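The structure under discussion appears below in the form of structure tokens.
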Amino acid sequence: MSMKRPRSIAFTSSVVLLVLALGGYLGGWGWTGFRGNTLWDWLHLLVLPVTLAFLPLWLRTHERDHTRWAIGAACVLVALAVVAVGGYGFGWVWTGFRGNTLWDWLELLIVPFVLPAVLAYLTVEASEPSAAEDPVASRPTLT
């Protein structure tokens with residue numbers, strides 16, 4: 001399958017979701033069910049699928065594109081910090097953060113980030129040859 005098809009499917013799906021969300025929040029389309037959902041609700045919905053979607057790309061490119069990944073992660077963390085301060089400190093109701101505890105945050109972030117990271121680590125460890133399997137690595141060296 002060419003790369004154009006998954007990209008066009010992802011783009012089309014994103015546009016449809018955006019139109020439905022805008023219609024639900026701004027247009028009063030009650031049938032969408034979007035009105036009343038906060039950023040916290042969206043994070044619960046999207047963090048795991050987005051993490052799982054980006055994990056294979058990260059595994060393939062994190063070494064050669066380390067700077068890009070670091071900048072992207074920093075931008076996400078800064079944005080999250082801004083909305084967390086706004087939600088907790090300034091009462092931004094649309095964030096839905098007020099009232100959430102450390103446990104709620106752990107629940108939101110443990111499965112989407114820690115579980116894929118552990119699985120990725122175990123996959124890499126399992127795919128690397130051990131010294132017993134690699135005859136060159138197990139040869140004694142002459143000193």
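The values are calculated or read from the model by the stated rules, or taken from the named source; none is laboratory data. Predicted model, so just to flag it, every value in this text is computed and none were measured. Please note: Cβ atoms are built from the backbone with ideal geometry, for glycine as well, and neighbour counts cover all protein chains shown.
Computed quantities for the displayed model
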| read-out | value |
| --- | --- |
| Answer residue from the stretch 1-44, given it is within 28 Å of residue 107 (Cα to Cα) and of a type in the set (D, E, K, R) and is nearest to the chain's Cα centre (by Cα) among those | 41 |
| Meets criteria (touching a residue at least 60 places away in the same chain (Cβ under 8 Å) and aromatic (Phe, Trp, Tyr)) for residue 69 | no |
| Every pair of residues 6+ apart whose Cβ atoms lie under 7 Å, when the first sits in the stretch 92-104 and is assigned to a helix (DSSP H, G or I) while the second is at pLDDT 90 or above | 94/38; 94/39; 95/38; 95/39; 95/40; 95/83; 95/86; 95/87 |
| Single match in 21, 81 (criterion: under 19 Å from residue 112 (Cα atoms), surrounded by 10 or more Cβ atoms within 10 Å (Cβ to Cβ), of a type in the set (A, V, I, L, M) and out of contact with any strand residue (DSSP E or B) (no Cβ under 6 Å at 6 or more places or on another chain)) | 81 |
| Members of the stretch 76-121 found to be out of contact with any helix residue (DSSP H, G or I) (no Cβ under 7 Å at 6 or more places or on another chain) and small (Gly, Ala, Ser), listed by number | 79, 81, 84, 89, 91, 99, 117 |
| Matching entry among 79, 74 (being in a helix (DSSP H, G or I), of a type outside the set (Phe, Trp, Tyr) and either at pLDDT below 90 or closer than 25 Å to residue 121 by Cβ (or both)) | 74 |
| Single unsatisfied condition, residue 58 versus (1) in the same structural domain as residue 84 (by TED's automatic domain parsing); (2) within 20 Å of residue 19 (Cα to Cα) | (2) |
| Residue that is free of Cβ contacts under 8 Å to residues at least 24 places away in the same chain and within 12 Å of the chain's Cα centre (by Cα), where the choices are 79, 84, 74, 53 | 53 |
